[in-house]
Structures are given as structure tokens and as C-alpha cells.
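Enquirer: Quick one: structure below, then a few questions.
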Amino acid sequence: MKPITPRRYEYIDALRGFAILGVVLFHCRWIPPSSYTLMEIVLQGAKGVQLFFLASALTLFLSLDARKPHEKRPTTNFFIRRFFRVAPLFYLAIIVYSLHGGMGPRFWAPDGIRWWYIPLTATFLHGWDAKTITSVVPGGWTIAVEMTFYLFVPYLFTRLTNIRTTLMALLVSLVVARLSSMIVLHHLGPKYPGSLYPLLEYFTYFWFPSQFPIFLMGILLYHLVKRHPIQDRRISVTLLLASAGLFGWTLTVGLLPSLIPQLYSYGIALLLFALSLHFFPHALLVNRITTWIGKLSYSIYLIHFLVISIMKSVVSDGFLPNGNIGFFMVFLIVVITSTAIAYLTYRIIEIPGINLGKKLIERLQARACPAPTGNG
């Protein structure tokens, strides 16, 4: 029997679409916009990564919920799906970026790329060292964090079974995130003197303990979605306005800044935004363009760093106008180019990788449930 395919939610694809557009927006600021307000918004485009994490937790829990009655080895199957979904394209990225960037020193690897950085990255363990977390593959820290989260998903699915337990876990994770980062900065700070110290500060922002509360917000989102499956336009609009208001408030003031770090204030705003699209997928936000970009978002994420790097080396000073116009020109070029290449990698690498994982699961399912044999 073939594995069941869970329902695909278009609004979740749209969330991924907005997430990757935000990330690309953030990385295109090498021609900075002249508008101060626009620059502040562009800087928060980096929170698209947290929207990815929210959407990931929601999708994984919905998938496990749909598959659990039908699979004999749900945990094994889960890890097979995750590996073949992520690894093929990421391994290609390791090769491409190692050839493109070389092994020399850089901000993320002050001593250069040591030989052991490569196997550490290939095994998704690079997220536990400041000099490897994002040095081999640009933005590779998100893959390390995502893969670490996968290790906990089957356990969390059996334990965080309602809103109350999820909220309790979220509160504990916020405390652990703050304390663990303080401990790392205190004990490892002397090993990162002077100009190296910001590298350690970035690490304590990127690493899994700091991002784990965002995943828990995604699990909370899952429970809210399951509890309220019906559509309601009024609730959707209210949540959308609340999300925009909280985002703007956090941008200028912050939500209880002495208690809740800005990262998690934005996480709450993103949760409200995602929940609003669940209640009603407004055509302006959930449409063919946003969902299509969302389906290609993983490829776009890994590719756009290379596109930007090549653009910087090819485009000479003065070729593009400065200010807002130049910024948006760069953004459009990067989005269009990255999306075009991503369509190819999605068809050639991602889909075959996913299908390979499915075939392996089918074989394991067949062994676990052998076909009955007739008598005589």
C-alpha cells in the first residue's frame, strides 16, 4: 500500500512565498534604499526565516496527524521523508559554494574553511559551532536548525497534544533560550576577542535553542488551526490587522522589550498573520504567484546567495541607480533570476529526491505488511 499523501494547504505555500521574498529583500540591501522607513522594513525581511520555521512546524504536525493512522513505522518514515526532502539540494549547495567561495578566510570563518567543516555541514551538525554554523553554505544555519528540530518532532508530536502543554513548553523554551545564550557568551567570549566577538553574538542568535521558541509557536498554530477549521473572513481581517499592528509596534517600540526579545515579538506577529490566512486565504495574499514561489522557496533560498554574489562581481559601480530605485531593481533581478534557476533545481533535484524517499518508504511498508498468500 502506498503512503497516504496529506492535504496540501495553499495558504501554507503562500506563507513560504512571503518568507523567501522577505529573506531576499533583506539580502538585497547592498544597494541600500534611501528611505529610512523602507530600510527598517527591509531589515526585518530577515524574519522571513522565522516564518519558514512557523510554517514548517505547522506542516509537519499536520502531516503526522494525517499519516499516523496509516503507517506502521511513522517515525522511520518521517526521518526518511525529511532527509530526502532536504539533503539532495543541500549537498549540491555544499559543492557549489565550496567551489565558488573557495576555502579562504571570511567573516563567518576567520581561519578559513577547515577540512572538517565540510563533513560537519554534510551531517547537519554545523549549527553547534560559531565558525561552522553558516560558513560553508551561506545561510546554512537555517538548515542546521531545521534538521535539529526534525530530531525532536516525533517526540513533541506525542507530548504537545494541546494548547496548554504547548504554551507551557513555549514559556520554558524562552527561559532556556535566554539563559543558554548568556552562558555561551560568558564562557566562550574570551575565545572570540575584539572583532571576532560579533561572530559569537550572531551564533547565539542563529543556533537552535534561540530559534526553538519559534517552532513551538508553529506547533501552537497547529493546535489553533485544528481547533478552528472553519473559514471566517471577519476573524481573518481582525487577525491580519492585529499582526500588522504588532509588527509595526515591535518595529518602533517593541513588545515588552525588557521581557520579550524582539525576535519573539515578531514571531507572535507572524503567528497571527499565518492564522489569519488559515481563517480566510485572501486572493491578494494567497494566489498563484505567492503559492508558486512558496513551492520553490527552498531552492530559491539556497540559490539567491549565489545570484547576489555573482551580481556584485559583475555589476560595476554606477551601473545601477542608487537609492530606492536601485534597490528595487536589484531585488527584482535577484527574485526573477533565482526563481528561474530554482524551477530547474526543483524539477531536477528536489522532486526526484522526494520521490526517492517515497519509494524507500513504500518498500519498507511492503516488508512490514507482506501481501497475503492464497492456499493451494
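The values are calculated or read from the model by the stated rules, or taken from the named source; none is laboratory data. Because the structure is predicted, anything quoted here is derived from the model rather than measured. All Cβ positions, even for glycine, are placed from backbone atoms using ideal geometry, and neighbour counts span all protein chains on display.
Enquirer: Looking only at helices (runs of 4 or more DSSP H) that fall completely inside the stretch 268-350, which ones have 1 or more residues that are polar (S, T, N, Q) and without any contact (Cβ under 8 Å) to a residue 60 or more places away in the chain?
Expert: Once the helices (runs of 4 or more DSSP H) in the stretch 268-350 are filtered for at least 1 residues that are polar (S, T, N, Q) and without any contact (Cβ under 8 Å) to a residue 60 or more places away in the chain, what remains is 297-314, 323-345.
Enquirer: Looking only at the stretch 207-230, decide whether some residue is in contact (Cβ under 8 Å) with a residue 40 or more places away in the chain and within 17 Å of Ala109 (Cβ to Cβ).
Expert: Within the stretch 207-230, one or more residues are in contact (Cβ under 8 Å) with a residue 40 or more places away in the chain and within 17 Å of Ala109 (Cβ to Cβ).
Enquirer: Now for a separate question. Restricting to the stretch 24-75, give me the number of residues that are closer than 26 Å to Ile336 by Cα, in contact (Cβ under 8 Å) with a residue 40 or more places away in the chain and not acidic (Asp, Glu).
Expert: 24
Enquirer: Now a separate question. Could you figure out which of (1) charged (D, E, K, R); (2) within 18 Å of the chain's Cα centre (by Cα); (3) over 24 Å from Pro213 (Cβ atoms) isn't true of Glu71?
Expert: Result: Glu71 passes all but (2).
Enquirer: Applying the selection to the stretch 71-117, what residues are among the charged types (D, E, K, R) and surrounded by 15 or more Cβ atoms within 10 Å (Cβ to Cβ)?
Expert: Correct list: Glu71, Arg81, Arg82, Arg85.
Enquirer: Mind listing whichever residues of the stretch 94-111 are in a loop (DSSP other than H, G, I, E, B) and either under 25 Å from Phe208 (Cβ atoms) or among the charged types (D, E, K, R) (or both)?
Expert: Result: Phe107, Trp108, Pro110, Asp111.
Enquirer: Let me ask you something else. Can you find, within the stretch 137-146, the residue that is nearest to Val86 (Cα to Cα) among those that are in contact with a Leu (Cβ under 9 Å, 6 or more places away or on another chain) and assigned to a helix (DSSP H, G or I)?
Expert: Among them, the one singled out is Ile143.
Enquirer: Condition test on Gly357, is it modelled with pLDDT of 95 or more and more than 22 Å from Ile20 (Cβ to Cβ)?
Expert: The answer is yes for Gly357.
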